[in-house]
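As structure tokens, the structure follows; a few thoughts come after it.
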Amino acid sequence: MSEIPNILNDLQNSVNFYAIVFFIFSALSVGSGLVTVLSKKLMHSAIGLLFTLFGVAGLYVLLLADFLAIVQVMVYIGGILTLIIFGVMLTSRLTHIENKTDVKDSVSLVAGIVLGLGSAAFLSYLFVKTDWIESPVNDLPTETLPTIGTLLMTNYIAAFIVAAVLLLVAFIGAALIARGKN
């Protein structure tokens, strides 16, 4: 019975375990991202976005960025995705909107393909030609949350307050727009 924890520890300490988990989260993110972009139904796109954000949160955990993983789950999945799903459910009864396709769509498609291929070629060139510096990591942090919290409340308090005021103004503006002229 004591051999099972040793086997699990050996598996977790191996590079292959982290590579396998990385590829699982990467495949989840890319696959569900494609579902988000290519789906014809808006609710399917929202569910694809949910799994994309979960995959990215898993990648943050693998990078030992626990704060970013928590923010990813709480803010993006908990808040923004819920807002998107409620927006889809509340506006699904709109049937008077016509979706027309014409010459502009084909021009946009060609422009998007050219721009995408150009960007991919440029990034591939940079990836191949860059002299990557590899250095060993001596001391891995066990958790980043206390460090980030201390920095936000001491060195970066002004930026924290500005971001809070900006979000408050955006929330008040959204409430006024939603309220209308009543």
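What does the C-alpha gyration tensor say about the overall shape of segment 143-182? Classify as rounded when a/c is under 1.5, otherwise prolate if a/b is larger than b/c, or oblate. Note, shape of segment 143-182 comes out prolate. Put in order of Cβ neighbour count within 10 Å, fewest first, the listed residues Ile80, Ile133 become Ile133, Ile80.
Ordering of 61-72, 159-170, 134-145, 44-55 by packing is 44-55, 61-72, 159-170, 134-145, highest average first (other Cβ atoms within 10 Å, averaged per residue).
A cut-off of 5 Å between modelled amide H atoms, ignoring neighbours fewer than 5 places along the same chain, links Thr144 with Asp66, Phe67.
Since every read-out is calculated from the coordinates, none of them should be taken as a lab result. For clarity, every value in this text was computed on a predicted model and none was experimentally measured. Note that each Cβ is placed from the backbone with ideal geometry, even for glycine, and that neighbours are counted across all protein chains shown.
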